[in-house]
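Peer 1: Okay, here's the structure, questions in a sec.
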Amino acid sequence: MESKLPHVDTTIFTVMSRLANEHKAINLAQGFPDFCCSEELVSLVNHYMQCGHNQYAPMPGIMPLRERIAEKVYELYKASYSPETEITVTCGATEACYAAITALVRPGDEVIIFEPAFDCYAPVIELNGGKPVYIELKYPEFKIDWEEVQKKITASTKLIIINSPHNPTGSVLDFSDIKKLNAIVKDTDILIMSDEVYEHIIFDNIPHASILNFPELRERSLVIFSFGKTFHTTGWRMGYCLAPAKLSREFQKIHQYITFSTPTPMQYAVADFLKQKHHYQDLPQFYQQKRDKFISLLKNSRFELIPSAGTYFQLVSYKNITDEHDTDLAIRLTREKKIASIPVSVFYKNKRDDKLLRFCFAKEDQTLEKAAEILCRI
């Protein structure tokens, strides 16, 4: 049988986590915490299981959770979304990205994505007959050249995908970036998908420049968020998508045939948990301490650290250590040094190799200390 995605292999996250398990390596590759989520949140899930909330939830999500989401985004961004028609709870942000792209992209449509790009965008574009149009972020700051974006716009441009805070680089867009995006798409029919799953993980008092801050852009955007990233529950697969009613209807037509709904007791638990705002308001400080500790631990290593302004990822350059391809080095370090990372070349279509590895610092301090001890010996 001919493959629909002949150039796509098993995701690098699966490959590196499997290698880490096989070689009993410290896993700083896949982006998940190695510490527990809130005991209170777990108790809430159990409570709602015991109360009998174990059957299908409504397809868009339970109303109490959609109402909490609406309250949260209005308080943070002064953005009004109807819980009835403009909010959809999804099985993680990846499902939301799949549903959004599938709802919008038709054969022949062009979609602009910025590289290095998270690996779930391009395959879905191709599955739907679209054409990914790649624009490289400018190394080493990983900033967008908006003049290049303007030049890549054609009559076939259907969608622009942005991601901030950015995985894998840790860069963030500022308000001037969003204004430039707005100027480019104004008076066009171009739509926006904004992946903002790390909205609460931004450092050094930098504000999150969300699409939600801009009413003109909200009217043409699907904006995606993650409870898994915010509440340290990546395995629960809970995200949500905000979009105007017309776009939400198209989004939900796809969502209903992927998963139909998200686990019911977890939705009730998160709806309650969101009432305690400190759980997400304190997140920047929590992860900045992790980032700063990891940086401090690596200061005597031979790696060069690329500044991380957001997410829970740190890029390091090894250009002063070896000329190995980043994928070869990542595999060798996992097997020989017992520490797993993600090679950044996998996030480029042309496998551009800038001698960079991505490490996840969403780990216990003890884990970071053991990892840094290994890295400082290289």
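Peer 1: How many residues does the stretch 240-283 contain that are touching a strand residue (DSSP E or B) at 6+ places or on another chain (Cβ under 8 Å), among the small types (Gly, Ala, Ser) and in a helix (DSSP H, G or I)?
Peer 2: 1
Peer 1: Could you count how many residues in the stretch 61-89 are among the charged types (D, E, K, R), assigned to a loop (DSSP other than H, G, I, E, B) and farther than 23 Å from ILE258 by Cβ?
Peer 2: Total meeting the criteria: 1.
Conditions (1) crowded, with 20+ Cβ neighbours inside 10 Å; (2) under 21 Å from the mean Cα position of the chain (by Cα); (3) not charged (D, E, K, R); (4) not assigned by TED's automatic domain parsing to the domain that holds GLU126, marked per residue:
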residue	(1), (2), (3), (4)
SER3	no, no, yes, yes
HIS7	no, no, yes, yes
MET16	yes, yes, yes, yes
LEU19	no, no, yes, yes
ALA25	yes, no, yes, yes
CYS37	no, yes, yes, yes
MET63	no, no, yes, no
TYR74	no, no, yes, no
THR85	no, no, yes, no
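Peer 1: Right, something else. Which of the residues spanning the stretch 317-333 are touching a Ser or Thr at 6+ places or on another chain (Cβ under 8 Å) and either assigned by TED's automatic domain parsing to the domain that holds SER171 or of a type in the set (Val, Ile, Thr) (or both)?
Peer 2: THR327 - this is the single residue of the stretch 317-333 that is touching a Ser or Thr at 6+ places or on another chain (Cβ under 8 Å) and either assigned by TED's automatic domain parsing to the domain that holds SER171 or of a type in the set (Val, Ile, Thr) (or both).
Peer 1: Is it the case that some residue within the stretch 111-119 is at pLDDT below 95 and under 24 Å from GLN252 (Cβ atoms)?
Peer 2: Within the stretch 111-119, one or more residues are at pLDDT below 95 and under 24 Å from GLN252 (Cβ atoms).
Peer 1: Then there is this: Any residue in the stretch 298-312 that is among the aliphatic types (A, V, I, L, M) and part of a helix (DSSP H, G or I)?
Peer 2: No, the stretch 298-312 contains no residue that is among the aliphatic types (A, V, I, L, M) and part of a helix (DSSP H, G or I).
Peer 1: From PRO132, PRO140, PRO165, grab the single residue that is in the same structural domain as GLU71 (by TED's automatic domain parsing), modelled with pLDDT under 95 and surrounded by 15 or more Cβ atoms within 10 Å (Cβ to Cβ).
Peer 2: Only one candidate passes the filter, namely PRO140.
Peer 1: Here is a follow-up. Looking at the stretch 1-44 only, could you name the residues that are aliphatic (A, V, I, L, M), farther than 30 Å from ASP272 by Cβ and in contact (Cβ under 8 Å) with a residue 12 or more places away in the chain?
Peer 2: Matches in the stretch 1-44: LEU5, VAL8, ILE12, MET16, LEU19, ALA20, ALA25, ILE26, LEU28, ALA29.
Peer 1: Here are some residues: LEU368, LEU329, LEU333. Which one is in a helix (DSSP H, G or I) and without any contact (Cβ under 8 Å) to a residue 40 or more places away in the chain?
Peer 2: After ruling out the rest, the residue left standing is LEU329.
Peer 1: Here's something else I'd like to know. Give the stretch 35-60 a look and list any residue that's assigned to a loop (DSSP other than H, G, I, E, B), small (Gly, Ala, Ser) and closer than 27 Å to TYR280 by Cα, or say none.
Peer 2: Listed by number, the residues that qualify are SER38, ALA57.
Peer 1: Of (1) within 30 Å of HIS278 (Cβ to Cβ); (2) touching a helix residue (DSSP H, G or I) at 6+ places or on another chain (Cβ under 6 Å), VAL111 satisfies all except one. Which?
Peer 2: (1)
Peer 1: On to the next question. Quick check on PHE32: is it in contact with a Gly (Cβ under 9 Å, 6 or more places away or on another chain) and assigned to a loop (DSSP other than H, G, I, E, B)?
Peer 2: Considered against the rule, which asks whether it is in contact with a Gly (Cβ under 9 Å, 6 or more places away or on another chain) and assigned to a loop (DSSP other than H, G, I, E, B), PHE32 comes out as yes.
Peer 1: Still on this structure: Name the residue, out of ARG291, ARG249, that is outside the structural domain of PRO60 (by TED's automatic domain parsing) and out of contact with any Leu (no Cβ under 7 Å at 6 or more places or on another chain).
Peer 2: Exactly one residue qualifies, and that residue is ARG291.
The values are calculated or read from the model by the stated rules, or taken from the named source; none is laboratory data. Owing to the predicted nature of the structure, the values given are computational and were not obtained by experimental measurement. FYI the Cβ positions are ideal-geometry reconstructions off the backbone, even for glycines, and counts take in every protein chain you see.
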